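First comes the structure, then the notes that go with it.
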Amino acid sequence: MIGRRAFLSLPAAALAALGNDRVGVMCQLGSNEPGARRTIEAARAAGFRRVMVNFAWDAVDAGFLKGLPGWLRGAGLQCGALGAYVNCVEPRAVLMRTRAEDFVRALDYAGELSTRRLVAWTGSHLTDLMQADPRNFTRASEDALVRFLEPHVPRLESAKLMLALESYITLACPDAPSLARVLRRLPACVGAVMDPPNLTPIARYAQRDEELRAMFRVLRGRIAVVHLKDFRLAAGGQSYELPGPLAGEMNYRLFARLIRALPEEIPVVAEHIGPEEFRAVREKLLPLFG
């Protein structure tokens, strides 16, 4: 613990850093040790203390999985969440290199990383995240999502794990009301990824501040992970560009204020940035979360 006198003597930048340990970063680790360790080191060097890790479940070997907990500990990083991006609507349509059997592996592996949160896709009938399919927006797809998850609920509960469902405007549950509707059918161990660019309908982009406030209200009590990226309309106005935090048109002051009202234990994860951007993005985010 730092003493009061020592605390008061710290420069402003150091005080800001002490108050912002909850802001972490997404570490996309691939499937080989050298690349993974470089990304982990970049997160440490940038000043992050919390991370979400994601990797190619269909390609990593036993050595990678055995080594990862030690690589994180060696860098002084806490794993706030683990990517287990199975396609809950149609597991045979693999998204982000995560099969149904990999999701089962993740339920056990989370304990090795000392994390209590997994993240999965709501899902799609297609293998392209950015391509919408009319079937995704039906009650049948919501039923399929619930049907896939229900058998895993006992293991989630016994392991004290929280599963955070992430969606996008092209996927099942493409907005906050539809995601909340599915969550009402599932127990408290299943929650939501709060990611405003993913949950803002194209038709409501001009009202994105209003949508942002509404999604926090609608998903109150079920938010399990927060992702920090940004968005703007792509050319043609029918899709989004998704740059990293503070690089688009989202009202980040409003977003940060809403996040600060959430419980401290909820991971807040900057994403859509590469390791070379970690430090600069963290420095831009610090004033918003201090």
Could you give the dipole magnitude of region 21-289 about its Cα centre, charging the beta-carbon of Lys and Arg +1 and that of Asp and Glu -1, in debye to the nearest 20?
-> 720 debye
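Take LYS229, LYS284, LYS66 and order them by how many other Cβ atoms sit within 10 Å, fewest up front. Before the final figure, lay out each step's value.
Values: LYS229 22, LYS284 16, LYS66 10.
Ranking LYS229, LYS284, LYS66 by Cβ neighbours within 10 Å, fewest first, gives LYS66, LYS284, LYS229.
Work out, step by step, the length gained on full extension between ALA93 and ALA206: first 0.36 nm times the residue separation, then minus their alpha carbon distance; give nm to one decimal.
Working: separation 113, 0.36 × 113 = 40.68 nm, distance 3.31 nm.
The span from ALA93 to ALA206 would gain 37.4 nm if fully extended.
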Post the alpha-carbon centroid distance, region 94-113 to region 67-90, in whole angstrom.
-> 10 Å
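Out of all DSSP beta bridges with both ends in the chain, state the antiparallel percent to the nearest 5. Before the final figure, lay out the partial values.
Details: 3 of 31 bridges.
Expressed as a percentage, antiparallel bridges in the chain total about 10.
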Would you work out the charge dipole size for region 20-150 about its Cα centre, treating the Cβ of every Lys and Arg as +1 and the Cβ of every Asp and Glu as -1, and quote it to the nearest 20 debye?
-> 480 debye
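Per DSSP H run of at least 4 residues, take -39500 (n - 2.57); add these up for the chain, divide by its residues and hand me the 222 nm value, nearest 500 deg cm²/dmol.
Details: 12 runs with 110 residues, N = 290.
Result for the chain, helices only: -11000 deg cm²/dmol.
Do you know the relative contact order of the chain, to the nearest whole percent, from alpha carbon pairs under 8 angstrom that are 6+ apart? If you can, show how the numbers build up before the last one.
On the way: 528 pairs, mean separation 49.8, N = 290.
Taking the mean separation of contacting Cα pairs over the length of the chain, I get 17 percent.
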May I ask for the distance between the Cα centers of region 128-181 and region 199-236, given as a whole number of Å?
-> 17 Å
Positive-end residue, region 21-289 charge dipole about Cα centroid, Cβ charges, pick of GLY244, LEU179, MET215 | MET215
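What percent does the relative contact order of region 67-218 come to when contacts are Cα pairs within less than 8 Å and at least six residues apart?
On the way: 248 pairs, mean separation 30.4, N = 152.
Relative contact order comes out at 20 percent.
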Listed peptides 230-237, 149-156 by packing density, highest first (mean Cβ within 10 Å) = 149-156, 230-237
Would you please give the residues with an amide H less than 5 Å from that of GLY24, counting only those at least 5 places away or on a separate chain, with H modeled from the backbone geometry?
-> VAL268, VAL269, ALA270
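Given a Förster distance of 25 angstrom, what is the FRET efficiency for ARG253 paired with ARG220, based on the Cβ-Cβ distance and rounded to 0.05?
Working: r = 20 Å, r/R0 = 0.81.
With R0 = 25 Å, the Cβ-Cβ based efficiency is 0.80.
Does region 221-278 come out rounded, prolate or oblate, given a ≥ b ≥ c as the square roots of the eigenvalues of its C-alpha gyration tensor, rounded meaning a/c under 1.5 and, failing that, prolate meaning a/b above b/c?
Working: a/c = 2.22, a/b = 1.56, b/c = 1.42.
Prolate, since a/c reaches 1.5 and a/b exceeds b/c.
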Report the antiparallel proportion of the DSSP beta bridges in region 132-290 as a percent, rounded to a multiple of 5.
-> 20 percent
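Below 8 Å between Cα atoms, with a sequence gap of 6+, how large is the relative contact order for region 174-290 in percent? Let's see the in-between values first.
Numbers: 146 pairs, mean separation 27.7, N = 117.
Over region 174-290, the number comes to 24 percent.
Quick one: length gained pulling VAL146 to GLU101 fully straight, 0.36 nm per residue minus the C-alpha distance?
In short, 14.5 nm is gained.
Rule-based calculations on the coordinates, nothing more; no lab input. Computed from a prediction, not measured in an experiment: that's the story for all the values here. In this analysis, Cβ positions are derived from the backbone assuming ideal geometry, glycine residues included, and neighbour counts consider all displayed protein chains.
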